[in-house]
1. Report the one residue of LEU150, LEU54, SER34 whose Cα lies farthest in the direction of the positive end of the charge dipole of the chain (charges on C-beta: Lys and Arg +1, Asp and Glu -1; origin at the Cα centre).
2. Show me the ranking of peptides 246-252, 224-230, 107-113 by mean Cβ neighbours inside 10 Å, starting with the highest.
3. Could you please state how large a percent of the accessible area of segment 186-281 is carbon and sulfur, counting protein chains only and using a 1.4 Å probe?
4. For segment 1-104, what's the relative contact order in percent, using C-alpha pairs closer than 8 Å and at least 6 residues apart?
5. As I understand it, the dipole of the chain uses +1 on the Cβ of Lys and Arg and -1 on the Cβ of Asp and Glu, about the Cα centre. Which of ASN86, LEU18, SER104 lies farthest toward its positive end?
6. Given points 7 Å out from each Cα along the Cα-Cβ axis, report the ASN250 to ALA55 separation in nanometres with one decimal.
7. With point charges of +1 on the Cβ of Lys and Arg and -1 on the Cβ of Asp and Glu, referenced to the Cα centre of the chain, which listed residue (THR217, ILE71, ASN247) lies farthest in the positive direction of the dipole?
8. What size of dipole, in debye to the nearest 20, comes out for the chain about its Cα centre when the only charges are +1 on Lys and Arg C-beta atoms and -1 on Asp and Glu C-beta atoms?
Amino acid sequence: MDWLTDNKIPIGKWAKTLVDWLTDNAWWLFDAVSVGLETMISGILWLLQAPHPLAVVAIAGALAYGVRRKISFVAFVVAALLLIINQGYWEETTETVALVMAASIVCMVIGVPVGVAAAHRPRLFAFLRPVLDLMQTIPTFVYLIPALILFGLGMVPGLIATVIFAIPAPIRLTQLGVSSTPTHLLEAGQAFGATKTQLLWKIELPYALPQIMAGLTQTIMLSLSMVVIAALVGADGLGVPTLRALNTVNIAKGFEVGVAIVLIAIVLDRFFRSDENGGAK
């Protein structure tokens, strides 16, 4: 076995060389991306933190009624947010929601077009499938290190790591929804003289909308699962008190933060889950 280990393939060295080259030659690109993502996160944070917390709760309740038309859902949203305020985690919760929303926006903006392209090009999807598997199975800390080097401490490397982990969901589900469009619907559109663009916007995307919305909810849940990982690279939010509770073996604080994360997960899931996929009852 010595001959095998003595001729080790330098995968790690290749990765380090690539990161060093990017740091030396493409720093301007990563700085621009960092500024853009920080601006988006700051804008979302301003919307959540500028008003009084009770005003945000009232707006969330109104949105809940507008989305679901259910008093029970409105009562749950208001009660959940009031409980978070009562426990003293409102600021951390808004920071986590800002990170999750920013990650979800990036994932959907990239994931939906890639999923559509993969549905129309089977060879592209065959190439993407192992890449998507790798993105979700490789340990998060592996790509957290280059993200930290390229983007520095703060919310941005946490956002990048979250996007890498969560983006396979919208790509896969969009591809599934578009590729499963019934042939007779496409043939009917073609019979009426629809172009490929019209088929996409009038038939394929509407048919795939439940799957796309499922991809959005999956992205939100996966992003929330990354809050603790993101805290390791300086991202603010509920991951910070979670790490503190872990380091100090503080059961009370850990349970409080865990409840806040669960409540936010349920609220966001019910907000964006489509009725076709089993909306709030």
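The values are calculated or read from the model by the stated rules, or taken from the named source; none is laboratory data. Please read these numbers as outputs of a predicted model, since none were measured by experiment. For neighbour counting, all protein chains shown are included, and Cβ atoms are generated from backbone atoms with ideal geometry for every residue, glycine included. The protein model used for the area step is the full one, side chains on, heavy atoms only, and it has no ligands, DNA or RNA in it. Shrake-Rupley method; radii C 1.70, N 1.55, O 1.52, S 1.80 Å.
1. Towards the positive end, the residue furthest out is LEU54.
2. Details: 246-252: 10.0, 224-230: 22.3, 107-113: 19.0.
Per-residue Cβ counts within 10 Å, averaged per peptide and sorted highest first, yield 224-230, 107-113, 246-252.
3. On the way: 3230 of 5160 Å².
Reported share for carbon and sulfur atoms: 63 percent.
4. Working: 36 pairs, mean separation 29.2, N = 104.
Contact order relative to length: 28 percent.
5. About the Cα centre, the residue reaching furthest to the positive side is SER104.
6. 3.0 nm
7. Working it through, the farthest residue towards the positive pole turns out to be ILE71.
8. Values: 17 positive and 17 negative charges, 155 e Å.
My answer is approximately 740 debye.
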